[in-house]
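**Q** Before I ask anything, here is the structure I am working with.
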Amino acid sequence: MNNMLVAFLLFLSVGGVAADEGARKVDLGGGRALLYEGELGDRYQALALVYNGKVLRKLHGVADKGGLFEYERFPVISSDGRYAVVNQVESEGDERGRNSHEVAYCELIDLRSGCIVARDTGQFCGGEFTDSGEWRTFVFQDLNLLETTPTAEKYVSGRLSFSDSPGDSLGNLLVCDPLDEGNLKYYKRLADEKFSNLSDGARNKLRDVLRVNGH
């Protein structure tokens, strides 16, 4: 079993598209599609990235963590069909549910891998894809999506940090930068107890991945 598949089995939901009477499918062409599942009001609890009838990756969210997915009949897609914009709405408030308000987030998703390349809110979400493969907004510098894609080396160097955000998770990193001989040394560093940028639970999961792959 190859390294990429091991990582997928540990961290992602992989398999056929589950039956869901309330599911809504958006055909992106080229065998790719978005499948919104778990209808909750006018939003959805899960979003599956489908390729040739199989789920490449399933993203999950709840109202107060990550956010529920907004159905987009015509999602924003890059000109080469590689990237799509996915929108989530998260409810924020105090522990008693007071002062609750909603925050809209957008994620730039690599449809070839399921990698969350970037996730942000506010004016960032009003951008557009350029023909040269960048995300352009009026208030931020153009974002080169290939250069922005998370890698283990970026986390080790401190250029990226793990957090509760779906785009900053270990699971997302393993999708964006699958374990191989080229990045093994960085993943071993992340699994080291002395490296404090990773939670204990995520570090143990990473050690399991390394162990399964003979490291």
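No lab work stands behind these numbers, since they all come straight from the coordinates. Computed from a predicted structure; not experimentally measured. For neighbour counting, all protein chains shown are included, and Cβ atoms are generated from backbone atoms with ideal geometry for every residue, glycine included.
**Q** Mind listing whichever residues of the range 147-167 are without any contact (Cβ under 8 Å) to a residue 12 or more places away in the chain, crowded, with 16+ Cβ neighbours inside 10 Å and either among the charged types (D, E, K, R) or farther than 12 Å from Ala118 by Cα (or both)?
**A** Lys154, the sole residue that qualifies.
**Q** If you don't mind, another one. I need the full set of residues from the range 49-96 which are aromatic (Phe, Trp, Tyr) and closer than 16 Å to Gly127 by Cβ, in order please.
**A** Selection gives Tyr83 alone.
**Q** Among the residues of the range 168-177, count how many are farther than 15 Å from Asp110 by Cβ and in contact (Cβ under 8 Å) with a residue 60 or more places away in the chain.
**A** 1
**Q** Let me ask something else. Condition (residue is charged (D, E, K, R), buried (at least 17 other Cβ atoms within 10 Å of the Cβ) and under 26 Å from Arg112 (Cβ atoms)) applied to the range 171-183: is it met by at least one residue?
**A** yes
**Q** Return yes or no: is Asp120 surrounded by fewer than 19 Cβ atoms within 10 Å (Cβ to Cβ), in contact with an Asp or Glu (Cβ under 9 Å, 6 or more places away or on another chain) and in contact (Cβ under 8 Å) with a residue 24 or more places away in the chain?
**A** The answer is no for Asp120.
**Q** For the range 180-197, state whether one or more residues are farther than 17 Å from Val85 by Cα and touching a residue at least 60 places away in the same chain (Cβ under 8 Å).
**A** The answer is yes; a qualifying residue exists.
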